[in-house]
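A short write-up of the structure that comes next.
The values are calculated or read from the model by the stated rules, or taken from the named source; none is laboratory data. This is a predicted model, so every value here is computed, not measured. In this analysis, Cβ positions are derived from the backbone assuming ideal geometry, glycine residues included, and neighbour counts consider all displayed protein chains.
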């Protein structure tokens, strides 16, 4: 689907003819079906794939994020018809956003990988994670409560 | 008329016309959405950071959101799938309202705006239902360290549901981010429904018919699609990954 070629304009006050409307509706419904198909596909894969979650396979993560970006692009370019706006407006909106978001993603990925390594956990992180692990394993051991109390005691003194 | 007229890049900035070929209001709506998108981006990225850090003890969404109204069985992700469908559908009715507005088709705008509002209200209601089940929790609950005011210490006990401090599903941060991000998004949807309602009433009154264009419908349309756009990301990062 080419922009600017055969699609009704969204310039200020541009009124469309019946024929323009028909053309636009056809494209919009097509976009809707693509988005619906992607969402159903995501749900089926999401509820069936084994070993999901953040610990799931890299390929699955990339697939989900890729499909999300496709859906986001469809919304911005067709539903918000940014694809049919003047080139300058498109760049003024997309370039600053992309610069900031990509930079943030980059910096958080670097920091996240660093602080996610067990060797880089703080003392509090370690206590917290051990506690959570013990709780979720369903152990009734006194260690967790003990640990919490010891921590609380340290706070007081 | 129907096609974008090529503008001379030099003359475009000489004044007397919009170089972007949009009205001031629409451009400002876009700029607002960029800043709002950065806010949501920041929230989701920080969510990713915390989740990555506590990957070992982070609960899985399909074990948390397993309920469906009036159905006893466990149906992981089914309800959020329905919510996503409702929001995408209301996005389509919104874009059809905008399209009808460009043809000065008052009846079409009225109908599609109405269905958009219905979809938005359904989504907010579903969100409330989801929150309710998240807060009330499961029948079994889980063992948690709960702060006891009377003795001033943590007591291990069976805990049901979720608050900002403790939840039965896993680490407290999970509930924090769930409440904050879906709450922030839900409030956007709620405001969107109210704004849509105001515009809908204006359409009924014939305000835009008199004005000669339905640009206001297009502006709220941009906001409404943005809300859908954010949900696409929340859906992926909260429920799928």
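Every condition in (1) farther than 30 Å from residue A:28 by Cβ; (2) more than 10 Å from chain A (Cβ to nearest Cβ); (3) buried (at least 21 other Cβ atoms within 10 Å of the Cβ); (4) out of contact with any strand residue (DSSP E or B) (no Cβ under 8 Å at 6 or more places or on another chain) is met by residue B:176 except one, and the failing one is (3). When each of B:101, B:120, B:125 is tested for being away from every other protein chain (no Cβ under 12 Å), surrounded by 14 or more Cβ atoms within 10 Å (Cβ to Cβ), under 27 Å from the mean Cα position of the chain (by Cα) and within 29 Å of residue B:202 (Cα to Cα), the lone residue that passes is B:120.
Give the residue, chosen from A:12, A:39, that is within 8 Å of chain B (Cβ to nearest Cβ), surrounded by 13 or more Cβ atoms within 10 Å (Cβ to Cβ) and modelled with pLDDT of 85 or more.
Numbers: A:12 fails: modelled with pLDDT of 85 or more.
That would be A:39, the only listed residue that is within 8 Å of chain B (Cβ to nearest Cβ), surrounded by 13 or more Cβ atoms within 10 Å (Cβ to Cβ) and modelled with pLDDT of 85 or more.
Name every residue in the stretch A:52-82 that is at pLDDT below 85 and more than 9 Å from every other protein chain (Cβ to nearest Cβ), in order of residue number. Passing the criteria: A:57, A:58, A:59.
Of the residues examined, residue B:123 is not one that is touching a strand residue (DSSP E or B) at 6+ places or on another chain (Cβ under 7 Å) and assigned to a helix (DSSP H, G or I). For the stretch A:84-102, check the following and say yes or no: at least one residue is surrounded by 12 or more Cβ atoms within 10 Å (Cβ to Cβ) and over 30 Å from residue A:24 (Cβ atoms). The answer is yes, given that some residue of the stretch A:84-102 is surrounded by 12 or more Cβ atoms within 10 Å (Cβ to Cβ) and over 30 Å from residue A:24 (Cβ atoms). Out of B:201, B:222, one residue alone is part of a helix (DSSP H, G or I), within 11 Å of another protein chain (Cβ to nearest Cβ) and out of contact with any strand residue (DSSP E or B) (no Cβ under 6 Å at 6 or more places or on another chain). It is B:222. Checked against (1) part of a helix (DSSP H, G or I); (2) under 30 Å from residue B:57 (Cα atoms), residue B:193 meets all criteria but (2).
Sort through B:239, B:154 and tell me the only one that's in contact with a helix residue (DSSP H, G or I) (Cβ under 9 Å, 6 or more places away or on another chain) and part of a strand (DSSP E or B). Result: B:154 is the single residue among B:239, B:154 that is in contact with a helix residue (DSSP H, G or I) (Cβ under 9 Å, 6 or more places away or on another chain) and part of a strand (DSSP E or B). Checked against the criteria, residue A:105 does not count as at the interface with chain B (Cβ under 8 Å from one of its Cβ atoms), assigned to a helix (DSSP H, G or I), surrounded by fewer than 18 Cβ atoms within 10 Å (Cβ to Cβ) and modelled with pLDDT under 85. Only one of the numbered conditions (1) in contact (Cβ under 8 Å) with a residue 12 or more places away in the chain; (2) in a strand (DSSP E or B); (3) touching a helix residue (DSSP H, G or I) at 6+ places or on another chain (Cβ under 7 Å) is not met by residue B:147, and that is (3).
Checked against (1) farther than 27 Å from residue B:190 by Cα; (2) within 20 Å of the chain's Cα centre (by Cα), residue B:51 passes all but a single condition, namely (2). Residues in the stretch B:43-53 that are in contact with a helix residue (DSSP H, G or I) (Cβ under 7 Å, 6 or more places away or on another chain) and more than 7 Å from every other protein chain (Cβ to nearest Cβ): B:43, B:44, B:47, B:50.
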